[in-house]
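Everything below concerns the one structure shown next.
The values are calculated or read from the model by the stated rules, or taken from the named source; none is laboratory data. What you are looking at is a predicted structure, and each value in this text was computed from that prediction instead of being measured. Positions of Cβ are backbone-derived with ideal geometry, glycine not excepted, and every protein chain shown enters the neighbour counts. For accessibility, only protein heavy atoms count, side chains too; no ligands or nucleic acids. Shrake-Rupley method; radii C 1.70, N 1.55, O 1.52, S 1.80 Å.
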Amino acid sequence: SFTVAGDRRKIASVITQLLSAAQRLSTSESSVSIQFLRGREREITVKVSDAGAVIPSELLKAIFDRSFSSVPMPLAPRAEGSELGLSEVYDMVGMHGGRFFVNSKTGQGVTFLFTLPAVQLDGEEKLSHEQAVNSGR
């Protein structure tokens, strides 16, 4: 079995922010889903998807630009929360040694995906808390 070592509140905040972003991008035909998967070796993957949403490619490129704290979403169908701020999510995932991706294609929706290092609890090799939390992006 696997677990993740890290700041519980920050990881919960990442999930909450991604669910909120997917909800803001959703349409009446959308369905937002979240999956927790075993990724590569010693890695947990969390995937938040919205099958009906789309982020235009020119805005998708700006999401990780450090000069943006948020990206305006002119095509978002919901008036409230008209900006999508993901730099904080990127930072929190990176602080835990994980990786963060956003994919969006017309007809396939939007997928927010992040990974976190896993710690094995079944007696095999164990990573210390510091190794799991402080590993590089």
Of the residues VAL89, VAL71, which single one is among the hydrophobic types (A, V, I, L, M, F, W, C), surrounded by 19 or more Cβ atoms within 10 Å (Cβ to Cβ) and at pLDDT 75 or above? VAL89
Top-ranked residue in the range 30-56 [being more than 13 Å from the chain's Cα centre (by Cα) and among the basic types (Lys, Arg); ranked as modelled with the lowest pLDDT]: ARG40
Among the residues of the range 3-38, count how many are open to solvent by less than 70 Å² (accessible area, probe 1.4 Å), in contact (Cβ under 8 Å) with a residue 60 or more places away in the chain and within 18 Å of TYR90 (Cα to Cα). 12
Selected residue (criterion: farthest from ALA22 (Cα to Cα)) from residues of the range 107-137 that are at pLDDT 75 or above and polar (S, T, N, Q): THR115
